[in-house]
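A short write-up of the structure that comes next.
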């Protein structure tokens, strides 16, 4: 089997050294080289093109976002962003994901070397997932102006769905490639649409920046969920990084509960937790959608939704950046039908018809 050829682009010599050593230790990965900025990187890429690029976003001469946009408009290549775990880093990472990056790993401002060593498996997994992804060409354009291995039992035991009500709810779960997919879906929705709850695998701080970005782009309201928030038409709530989100019923209304807990299906927030709570609280009056992502989080929860009478959809392989989560859900019999990404907004709007 061919090794995954990786180019590391970061202005920190320490980061370049640690990332290079970490990735090279995996027999499936070959580090082609390192570069201190995108201009040096392009010189190396002209000699041998990498399968995956690990890219910092804040660098001299040319920043990572500019480089990424140029790359995705000319020769789409899987990119993993290596970003600082700060509010500024989160906002920049959201720009990078929107510009075509497949996923990201975070790095702190202090204790960097030790952190990267301890997070080596996360980095290796991100690179391997990126190598299996299919990035799409994104045409260069001026920036548009915008107006300011537990399962779900540990969080929510199995139970029965509640009776049907007049309110409807859409539960969406996604991971790698999901920021682009969610932007595509949510920006296509009008102000009048069913209430939506979303788990996108993402660490703390990043979900708030992601929600804020989408809120500026969409007709509907998009925000990071807070405990007790109501799920109402025209609003999408995104689970906060580092905590689980459950759907709850309060009379005939829906609201969300934000809880602490261990990772479920290796993730916190977990799609399985959200889907199970939706199965119980909404039953036949819900639509579950599982989209692009690596792993199997959400597959069992979506099956519980389908068993409770909910409609269930999976993003099809052709339109997925990583056809992992939808594939596992399909294999489990959780997916009623698969749809390309472009048809998902219409399916959401058809829930009340």
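Counted as qualifying within the range 37-148 are the helices (runs of 4 or more DSSP H) with 1 or more residues that are at pLDDT 85 or above and farther than 19 Å from residue 12 by Cβ, namely 38-47, 64-74, 87-98, 120-132.
Mind checking whether some residue in the range 167-178 is modelled with pLDDT under 90, in the same structural domain as residue 242 (by TED's automatic domain parsing) and either over 23 Å from residue 16 (Cβ atoms) or surrounded by 15 or more Cβ atoms within 10 Å (Cβ to Cβ) (or both)? The answer is yes; a qualifying residue exists. Among the residues of the range 297-312, not a single one is touching a helix residue (DSSP H, G or I) at 6+ places or on another chain (Cβ under 8 Å), more than 18 Å from residue 167 (Cα to Cα), at pLDDT below 95 and in a loop (DSSP other than H, G, I, E, B). The strands (runs of 3 or more DSSP E) found wholly in the range 182-295 and carrying at least 3 residues that are at pLDDT 95 or above and surrounded by 24 or more Cβ atoms within 10 Å (Cβ to Cβ) occupy 195-200, 235-238, 244-250, 286-290. From the list 54, 14, 18, the one residue that fits, being surrounded by fewer than 15 Cβ atoms within 10 Å (Cβ to Cβ) and closer than 17 Å to residue 115 by Cα, is 14.
Quick one: would you say residue 83 is in the same structural domain as residue 126 (by TED's automatic domain parsing), closer than 18 Å to residue 130 by Cα and surrounded by fewer than 19 Cβ atoms within 10 Å (Cβ to Cβ)? Against the criterion (in the same structural domain as residue 126 (by TED's automatic domain parsing), closer than 18 Å to residue 130 by Cα and surrounded by fewer than 19 Cβ atoms within 10 Å (Cβ to Cβ)), residue 83 does not qualify.
Scan the range 317-326 and tell me whether some residue there is more than 24 Å from residue 132 (Cβ to Cβ), surrounded by 24 or more Cβ atoms within 10 Å (Cβ to Cβ) and either in contact with a helix residue (DSSP H, G or I) (Cβ under 7 Å, 6 or more places away or on another chain) or not assigned by TED's automatic domain parsing to the domain that holds residue 227 (or both). There is no residue in the range 317-326 that is more than 24 Å from residue 132 (Cβ to Cβ), surrounded by 24 or more Cβ atoms within 10 Å (Cβ to Cβ) and either in contact with a helix residue (DSSP H, G or I) (Cβ under 7 Å, 6 or more places away or on another chain) or not assigned by TED's automatic domain parsing to the domain that holds residue 227 (or both). The residues of the range 21-36 that are in a helix (DSSP H, G or I) and in contact with a helix residue (DSSP H, G or I) (Cβ under 6 Å, 6 or more places away or on another chain) amount to a single one, 22. For residue 107, are the conditions met, namely being surrounded by fewer than 19 Cβ atoms within 10 Å (Cβ to Cβ) and not assigned by TED's automatic domain parsing to the domain that holds residue 178? Criteria not met by residue 107.
The values are calculated or read from the model by the stated rules, or taken from the named source; none is laboratory data. Since we're looking at a predicted model, the values are computed, not measured. As a convention, Cβ positions derive from the backbone with ideal geometry for all residues, glycine included, and neighbour counts pool all protein chains shown.
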